[in-house]
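The structure appears below as structure tokens.
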Amino acid sequence: MDGFRELLACPACAGALSGEWWCGACGARFDAPDGIPNLRLAGDARTEAVRRFYERAPFPGYPPHDSLHALRTRAERSVFARLLDRAIAGDARIVEIGCGTGQMCLYLAGADRVVIGADLARASLRLGAAAARRYRVESVRFVETDLQRPGLRAASFDVVYSSGVLHHTPHPRESFARLARLARPGGVIVVGVYNAFARIPSRLRRAAARLSRFRIVPFDPVLRDRQHEPERREAWVRDQYQHPEEHRHTIAEVQRWFAQNRVEYMRTFPSAVLGEEEPEQFFTAADDWRIENWFAQLGWMWTLGREGGLFFTIGRRR
Ligand SMILES: C[S@@+](CC[C@H](N)C(=O)[O-])C[C@H]1O[C@@H](n2cnc3c(N)ncnc32)[C@H](O)[C@@H]1O
């Protein structure tokens with residue numbers, strides 16, 4: 001895939017990288033063990049703790065005997081994934097920041113799209129790359145990099161997607177600023193973070209789980225679904241209840257990040273407009289009334305709270 005390398009850049013100085021993974025501008029040298037470029041610079045202690053956390057239990061992992069068909073069928077069950085896929089052009093250049101084991105990258109690959117999955121944890125990227133080989137998906141490539149100093153070319157992507165990542169970085173607002181720069185002017189940014197209200201049920205479950213030293217996690221529907229998959233069960237317990245770095249955010253806060261980085265706010269998923277049907281066109285502006293947003297978030301405690309409390313905000317870079 002020729003388009004792949006031109007979307008990468010030196011994480012130290014943003015210079016172009018040669019075929020042998022060295023930077024023509026600052027001379028820094030990198031490598032690509034197992035075909036996955038390592039463009040990660042050493043991070044601070046908190047980021048390093050997060051990296052080690054996911055190296056030990058890659059997230060979300062693949063169920064046994066998975067196939068591309070099964071992966072797509074699972075993804076299609078999510079209204080969000082279907083709307084996102086439908087809204088992205090057939091020739092889009094997409095980057096997923098914090099792709100984990102790469103399921104969304106594989107789902108979004110198709111037509112003439114080029115998809116890059118970027119993550120801190122090589123163990124996760126290896127699983128993603130192995131799945132891409134198994135399923136013969138050639139338009140997805142993976143790169144090891146820290147979003148805080150990304151080895152990705154600025155202003156180059158039609159879609160920057162990131163789910164469940166910013167709230168695990170030490171400074172989510174600064175991390176968002178880094179991520180936003182990757183979108184081209186007019187490009188779309190889709191970020192999923194824990195909602196401050198919708199996360200309350202998970203925090204209550206966590207308090208109860210601590211009492212039994214995590215032998216029992218009450219009322220978690222995801223764990224019930226995974227009762228015969230010990231590895232993916234453990235990955236979920238760790239990710240949801242034992243994470244070393246977790247922040248929670250409101251719509252208003254994410255809107256401020258957008259405004260500070262010249263990103264026009266379009267909508268949230270689920271919609272914060274009370275009673276609104278999901279739109280035919282995902283990348284369009286919805287009404288934005290602060291009072292209604294607060295009511296919607298209170299409701300998310302029940303609707304999103306069952307599965308971790310993640311909501312998405314969608315915007316377009318000016
Ligand atoms: C909860 S997992 C989400 C994985 C995937 N996006 C999903 O929705 O299934 C968070 C991922 O973010 C990655 N991550 C955390 N901090 C990061 C950083 N600073 N740069 C790049 N990736 C990061 C972790 O390695 C992990 O794979």
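Residue by residue through segment 221-246, note down the ones that are touching a residue at least 60 places away in the same chain (Cβ under 8 Å) and either farther than 17 Å from Tyr54 by Cα or assigned to a helix (DSSP H, G or I) (or both).
Result: Pro221, Val222, Glu229, Glu231, Arg232, Glu234, Ala235, Trp236, Arg238, Asp239, Gln240.
Does Val50 fit the bill of being part of a helix (DSSP H, G or I), of a type in the set (Val, Ile, Thr) and under 20 Å from Ser175 (Cβ atoms)?
So Val50 fits the description; yes.
Determine, yes or no, whether Ala155 is more than 11 Å from the ligand (Cβ to nearest atom) and either closer than 26 Å to Ala49 by Cβ or of a type outside the set (Gly, Ala, Ser) (or both).
no
Quick check: anything in segment 50-73 without any contact (Cβ under 8 Å) to a residue 24 or more places away in the chain and under 18 Å from Val143 (Cα atoms)?
So far as segment 50-73 goes, yes, one or more of its residues are without any contact (Cβ under 8 Å) to a residue 24 or more places away in the chain and under 18 Å from Val143 (Cα atoms).
I'm checking my understanding of the structure. Among residues of segment 109-125 that are surrounded by fewer than 24 Cβ atoms within 10 Å (Cβ to Cβ) and within 12 Å of the ligand (Cβ to nearest atom), which one is farthest from Asn38 (Cα to Cα)?
Within segment 109-125, the match that is farthest from Asn38 (Cα to Cα) is Ala123.
Could you list all residues from segment 51-70 that are within 13 Å of the ligand (Cβ to nearest atom) and surrounded by 14 or more Cβ atoms within 10 Å (Cβ to Cβ)?
Those that are within 13 Å of the ligand (Cβ to nearest atom) and surrounded by 14 or more Cβ atoms within 10 Å (Cβ to Cβ): Arg51, Phe53, Tyr54, Ala57, Pro58, Phe59, Pro60, Gly61, Tyr62.
Here are Ala209, Ala252: which of them is at pLDDT below 95, touching a helix residue (DSSP H, G or I) at 6+ places or on another chain (Cβ under 9 Å), in a helix (DSSP H, G or I) and of a type in the set (A, V, I, L, M, F, W, C)? Break it down stepwise before answering.
Numbers: Ala252 fails: at pLDDT below 95.
None of the others qualify; the one that does is Ala209.
Give the residue, chosen from Tyr161, Tyr194, that is within 15 Å of the ligand (Cβ to nearest atom), under 18 Å from His243 (Cα atoms) and of a type outside the set (A, V, I, L, M).
Values: Tyr161 fails: under 18 Å from His243 (Cα atoms).
None of the others qualify; the one that does is Tyr194.
Quick one: is Leu41 at pLDDT 95 or above and in contact with a Pro (Cβ under 6 Å, 6 or more places away or on another chain)?
For Leu41, the condition - at pLDDT 95 or above and in contact with a Pro (Cβ under 6 Å, 6 or more places away or on another chain) - is met.
Each row is one residue, and each column tells you yes or no for (1) touching a Leu at 6+ places or on another chain (Cβ under 8 Å); (2) farther than 27 Å from Asn293 by Cβ; (3) more than 11 Å from the ligand (Cβ to nearest atom); (4) assigned to a loop (DSSP other than H, G, I, E, B).
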{"site": "Gly128", "(1), (2), (3), (4)": "yes, yes, no, no"}
{"site": "Glu174", "(1), (2), (3), (4)": "no, no, no, no"}
{"site": "Val188", "(1), (2), (3), (4)": "no, no, yes, no"}
{"site": "Arg203", "(1), (2), (3), (4)": "no, no, yes, no"}
{"site": "Arg215", "(1), (2), (3), (4)": "no, yes, yes, yes"}
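Could you list all residues from segment 32-50 that are of a type outside the set (Val, Ile, Thr) and either in contact with a strand residue (DSSP E or B) (Cβ under 6 Å, 6 or more places away or on another chain) or surrounded by 20 or more Cβ atoms within 10 Å (Cβ to Cβ) (or both)? Lay out the reasoning, then the answer.
Pass one, segment 32-50, residues of a type outside the set (Val, Ile, Thr): 32-35, 37-46, 48-49.
Result: Pro37, Asn38, Leu39, Arg40, Leu41, Gly43.
If I ask for residues that are in contact (Cβ under 8 Å) with a residue 12 or more places away in the chain, of a type in the set (A, V, I, L, M) and within 23 Å of Pro170 (Cβ to Cβ), which ones from segment 10-44 would you list?
Ala12, Ala14, Leu39, Leu41
The values are calculated or read from the model by the stated rules, or taken from the named source; none is laboratory data. Since the model is a prediction, treat every value here as computed from it, not as a measurement. Positions of Cβ are generated from backbone atoms using ideal geometry, with glycine treated the same way; all protein chains shown enter the neighbour counts.
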